[in-house]
Structures are given as C-alpha cells and as structure tokens.
Amino acid sequence: MSQKPLQILSDEAWLEPFAPAVNRRFEQFQSAIRTINDYSGSILEFARMHEYYGIHFDKIRNGWLYREWAPGAKAIFLTGDFNWWDRTSHPLKKNHRGDWEIFLPFDQYKHTFIHQSRVKIRVIGANDTDLDRIPAYIRRVVQDEKTHDFAAQLWFPEKDYAWSDQNFSLKEAAQMPLIYECHVGMAQEKLGVGTYKEFEKLILPRIKAGGYNAIQLMAVMEHPYYGSFGYHVSNFFAPSSRFGTPEDLKSLINTAHQLGIAVIMDIVHSHAVKNVNEGLNEFDGTDDLYFHTGTRGYHEGWDSKLFNYGKWEVQQFLLSNIRYWLDEFHFDGFRFDGATSMLYQHHGITSFDSAEKYFDEGVDEEAVLYFQLANTLIHGLKPRAISIAEEVSGMPGLCRKVEEGGIGFDFRLAMGVPDFWIKTLKHKLDEQWDIFELWHELTNRPKREKSIAYAESHDQALVGDKSIAFWLMDKEMYFSMSVLEQNLVVDRGIALHKLIRMITISLGGEGYLNFIGNEFGHPEWVDFPRLGNDWSYQYARRQWSLVDTPHLRYRQLDLWDKAMIALMTSHQVLSSPPAEQLFLDPDKKILAYTRGGLIFVHSFHPTESFFGLPIRMPVSGSYRILLHSDEKIYGGFERLDASITYRTDKKQEVQLYVPNRVVMVMERKKS
C-alpha cells in the first residue's frame, strides 16, 4: 500500500521535481523524533536539560548541585565569593555520564553560597588553556561597573514570582499579530539604558493605546556588547541584567498579559558571540563543543560562532533554551533571528533564481531539522504560541506544518517589503514609482503560508540608514514639524508616510510589525553607544516628547497609526484572504483593491487629483468612506467628504473624487 503523499506536495505542484528532497526531510524529522522519544519519552522531556545542568538545589541531598557539559576539559573548579575566589579548592568530578559536577551541602555553605553572590568556573581545557569561564546554563550574569568583567550571579530569591496572567488568551495575537517591535534599553527618552520596570510603567500603556496586540522584545538574552543590539549572545539562559532582574522581566510580561498583549521573544539561535571569557566559544578547550570547526563554524559577516545543529547535545541545549523561556518567563513565542543564515551553509549570500537552490548542497539540512524540532516543541508546549522566521530566501514550506512536509513556522517576515520601500525612496522620484511593481512586491507570497508585513523594522533604521520618515523629510524634521507652519517637504512626507503604512498593513501579509517610535515617524536613525560616536546615547533612545507635544505633526502620524490599527482589528483584515485587485492605473498612480470586506483606494500621484474616477466595486450597492488620510487630524487637507454615499451604476462602478497622495478606505453600507 503506497503512503499518502505529503500535503505540501499535493498543494504545490511545482514542488513535484523535489519530492524526494521534501520526503527525505520529513523522514529525517520522523527518525529524529523516534530517537528522542526512545531516549526521553517525548521532545518535551528531551528539552529539560536546563533542569539538569547548571546550579540547582537538591532537596533530597539538601544542598546545591552544579553540573556542566564539557567533555574535553581536563579539570574544572568552581570559584567565587563563597570561597573567596580560591581557584583550586572546589574541583568538579566527572560522573558516570561524563558530565562534570560538584555538590555543596547546605549546612556547610548556607552563609556563603547565597543570593546575589558571584561565581565562575576555572576550566583547564583540552588545549591546556587555564581560563575562568561562565557556566553555560547559568541564569544570571552581571557586569562589574569598575572592571567591566562579567560573572555569573547566584539568583535565589526568597519567593518565586507570583504570576497573575492565568486568564490571558493568545487567540487574538496568534490569529492576527499586530506586533510592536521594541528594545527595552533604548525605549526611554533619557540618555542612558532603560529598564524593564520603566518599560512596564511607561511604554506598555502607549502600546496598549496604539492598539497593538503583541510586542517583540529584542536583546533579552545576555550579551556583553550593548551595541550589538542583542545579537551577539553570550549567555543563552540569562535575561540581560543591564535592564534589571529576572523578576522585573517577569513583571513586564505579566503586566503585558494583563493588558491583553502577547510577548514574543527575539531569540538568537543563529550564532553566538565568539568571546571566550563571556561565551561558549572553546568552552572545554576544543573548538567543536557547541559549534562547527573551521570556516563552517565562523560567520565572517557577523564575526561570530555558528552552532552545530546536527549534534545531539547542541540540539538539547537550544531546545531546552526554548522551553526555559516559555516556562520560566511565560513568553508567547519567538521571532527566530537569522533563519536564512541558518538554513544555508552559504548563509543566503546568493541569488535565489531557481527552485533547485532550496534543495541543493547549499542547504544545511541539520538546521532544517532543528527548526522542525524547535517548532514541534514550541507548539507542543503552547499550541497557540507564535513562531516567526526572519527568512528572506523564500524557502518553500517554511510556514507549513511539519506533518504536511513543512518546517513548522507560523509566519515568515516579509523582508523584501521594507527593502523595496527603502530602495524606492532612495532611488526613485515620485513620478517614477511603479504601481505594478508595488502591487507585485506586496502580494507576491505563498498562498498557503503566512507573512508578517512591515515597512521598516530596526534593520532599516540602524546607523548607515535611517527611518522612513527621515528619508522622506530629512532635515526639515528639525525645523518644520509645527502645525502652525506649512512646508512642502513635510506635507509630502506626512502624506506618503501614511500611505506607505496603510498599503503595507492592508496588502502585504497576515500580520504587521512596527518598530518602536516609527508609528509617529521617529526621525533620524538608531545608533548604540560605541567608540565611533564617543559612547553617546543620543540615538539609542526614543524621543516621546515629539509625539507628546500637541503642536508638532508627529501627533498626526500617531493618530493615523491608531486609526489604522483599530480599523484592521475591527474588520479582522489581516486574517482575511489576500486582497483582490479592483483597479490599477500606472499613469494616474492609483491602486484599488478589496480585502476583509473593505475597499482600499490609494493615490500615489504627486500632483494630480481626479474627479469622477470610475472604480468597479466587488458587489453592487451603496458605499461610504470609513477612513481617509486627508482628514485634518491626520495632517491632511480636508478635500474629502466622508458623509457622501457612493452608489454603484449599471457597470457596478462608483464615481470617486481621488485627491493626490491620499488613501481612502470604504465599505458597503448595510441596507
């Protein structure tokens, strides 16, 4: 009896030539799951190594047990405040599993091995190095303010954090994620590092008021260099202490849940910092413990180390890391950084001009398997958890269920969309904008795979680039953003900023993402303190005073964002099927389409307005304007009358007045 073909092969006829590769990936996954089940009982139990390794209190033996996986090490010693940093007095022993461990009886160490005291391990490596390291599974790492040295910190709070988010439902965010991407450290206006508590008190209410149903937290995992934006991770189980305590982070997440906001973690499993003192590199004196050896283990573009996803213990480390953040901190899902880099041994540095490149020797099949296992674990622990891939190659099946022959993600970031906007703003005059190209860029995605659309994320605003608002208005934003004056550059910028966001959210995907502050057109760029800027925090913050000042036009952009998000939410536009085009005129630069029962009419023409423009409606009837960008409160010129009823004629068309640089959203009136 022949086996039923995988669903993805039935749905996607073009994949038929690659059926052997698709089947082989699924068989590889099934084999891995069988092995995991034989060893641990289930993948959920397999991902519990953070409960075995690291420092834990053993109630039966009444003391602390510390274990470490470092098979190549010749000797390991525990040192710290508890033994006055004696580097030889507390050696670890190899147990029957080949792991290093040491037991500290409570009665003997209860006054020295205490909450907030610092520890390290001295590792005599396979290469005869003698270095003080940070335990791989440690849950808190702190930096000395004077020496800048990092050390592990024992974290034994008297009471476990008291969660009160039992009634939080992920249903809304999972169905239609409206994501507010943010960084705790740069979320405040002060020239310094913001904290979890400040974010909870000052920023979460803004996000709630904006209508977003999810936040995506960057830079959660500990990283030695603040300027890495959190992407050079050293300690995978430690929330960054520069923002506060683990309980502070839990409080932030708990409060977000009470506000109805899901919390997605920007998880970095694509690479790790190469630092030896703070990170995992050469942990036991070998270069292949967690990472590949040689060139395969090093990312030249990122100057970082690359995991060996095919190694059993590395799979356990990373999968346990996922479970830890879900269980311990109640995260609601993950945005996997650098998925393209993981999926290909060339890290995606090629042109994907043929389907063969998704299945040839350039693909890292071990990473494909890891993602299948990771997504199986995530949805096994939390069925509605949100799993997002930062993936630009278009790998087929990325967002299909594993059992259908896919890789298991829920959403893919539509990374081509922001690149399209920046390229357009940089290199094309308004008169040169191609509406056909615009439609193609925003609709060209797999029919059965979901995307998160966005006009700009942190990537587009980093130093060397700048925010869309700044591309549009540049230096005029410093002097001409008052509602009391008119400026042609600012008028154009305000108008296009609104259009870009509306067409992106309504046309580009099944979810939407906005980077913190860009909802009100945050100017300039993002640049963290570094030697090149004299360690300045000037651009590593968010200037909320701009949107809080009533006479500045930032407020107009913010009000537009609120209205736009509210409209998407009330009509469930993003959870509706993809848009259907109604009208496209490349010369008039007008595009109309329907989605979610609404009609969107965009005019990108820089100068001309059009009277009596015939646009065919989806069905006959009477239509009205629900929302338009030309309202005064949104920085418009009041050229549209929302009280007018538009009736279809015999051709099922309505005659519209369409001003230049305006978007209007219409709906059919109920009889």
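The values are calculated or read from the model by the stated rules, or taken from the named source; none is laboratory data. On a predicted model such as this, the values are computed, not experimentally measured, just so you know. Don't worry about glycine lacking a Cβ; one is built from the backbone with ideal geometry, like all the others, and counts go over all protein chains shown. Only protein heavy atoms, including side chains, enter the accessible area calculation; ligands, DNA and RNA are left aside. Shrake-Rupley method; radii C 1.70, N 1.55, O 1.52, S 1.80 Å.
Averaging 1/r over each pair of different alpha-carbon atoms in region 319-363 and inverting the result gives 12.7 Å, the Kirkwood hydrodynamic radius.
Residues whose amide H lies under 5 Å from that of Ala262, counting only those 5 or more places away or on a different chain, are Ala214, Ile215; hydrogens are built 1.01 Å from N in the peptide plane. Counting only protein heavy atoms and a probe of 1.4 Å, the accessible surface of the chain is 51% carbon and sulfur. Distant-in-sequence amide contacts of Trp64, defined by a placed amide H-H separation under 5 Å and a gap of 5 or more residues or a different chain, comprise Asp58, Leu104, Phe106.
At 222 nm, what value in deg cm²/dmol follows for the chain if DSSP H runs of at least 4 each add -39500 (n - 2.57) and the sum is divided by all its residues, to the nearest 500?
Working: 18 runs with 177 residues, N = 671.
Taking each H run of at least 4 residues, the total per residue is -7500 deg cm²/dmol.
Of interest is the spacing of the C-alpha centroids, which for region 440-480 and region 317-332 amounts to 31 Å. Pairwise Cα separations in region 342-433 fall into 10 Å bins from 0 onward with the following percentages, short to long: 15, 39, 27, 14, 5, 0. For the chain, find the longest principal axis of its Cα atoms and tell me its angle to the long axis of helix 416-427, 0 to 90°, nearest 10. That helix lies at roughly 60 degrees to the long axis.
Cα gyration tensor of region 272-365, axes a ≥ b ≥ c as square roots of the eigenvalues: rounded (a/c below 1.5), prolate (a/b > b/c) or oblate? It is oblate, given that a/c is not under 1.5 and a/b is not larger than b/c. Taking GluC sites (Glu not before Pro) across region 452-485, the ones in a DSSP loop with at most 11 further Cβ atoms lying within 10 angstrom of their Cβ are Glu485.
Close amide H contacts of Ser304 (hydrogens built in the peptide plane, cut-off under 5 Å, sequence separation of 5 or more or a different chain): His299.
Anisotropy class assigned to region 480-554 is oblate, per the alpha carbon gyration tensor with a/c at or over the 1.5 cut-off and a/b no larger than b/c.
Ellipsoid semi-axes for the chain, based on the Cα gyration tensor and the rule √(5λ), read 48, 29, 22 Å when sorted largest first. Applied to region 378-385, the Karplus parametrisation 6.51 cos²θ - 1.76 cosθ + 1.60 on θ = phi - 60° returns per-residue 3J(HN,Hα) values of 4, 7, x, 7, 9, x, 9, 4 Hz, with x for Gly and Pro. Straight-line cross-link reach from Lys423 at under 16 Å between alpha-carbon atoms covers these lysines, not counting any fewer than eight positions away in the same chain: Lys466. The residues of the chain have, on average, 40 Å² of accessible surface per residue, using a 1.4 Å probe with all protein chains present.
The Cα trace of region 506-634 gives Rg and Dmax of 18.9, 64 Å, the first to one decimal, the second as a whole number. D for region 124-188, whole µm²/s, Stokes-Einstein with Kirkwood Rh over alpha-carbon pairs at 37 °C and 0.692 mPa s: what number? My calculation gives 191 µm²/s for D.
Sparsely packed loop sites in region 51-106 (the trypsin sites (Lys or Arg not before Pro) outside DSSP H, G, I, E and B with at most 13 other Cβ atoms within 10 Å) comprise Lys59, Arg61, Arg97.
Counting pairs of alpha carbon atoms under 8 Å apart in space and at least six apart in sequence, what relative contact order in percent does the chain give?
Numbers: 1356 pairs, mean separation 70.7, N = 671.
Here the relative contact order equals 11 percent.
Note on region 560-640: along the principal axes its Cα atoms extend 34, 30, 23 Å, ordered by decreasing extent. Phi angles across region 192-207 convert, under the Karplus curve 6.51 cos²θ - 1.76 cosθ + 1.60 with θ = phi - 60°, into 3J(HN,Hα) values of x, 9, x, 10, 4, 5, 5, 4, 4, 7, 9, 9, 4, x, 5, 5 Hz, Gly and Pro given as x.
Our coupling estimate for region 538-552, obtained by passing each phi through the Karplus curve with A = 6.51, B = -1.76, C = 1.60 and θ = phi - 60°, is 4, 10, 10, 7, 10, 8, 5, 4, 5, 7, 7, 8, x, 8, 9 Hz, Gly and Pro reported as x. Axis of helix 19-40 versus longest Cα principal axis of the chain: the two differ by about 40°, to the nearest ten degrees.
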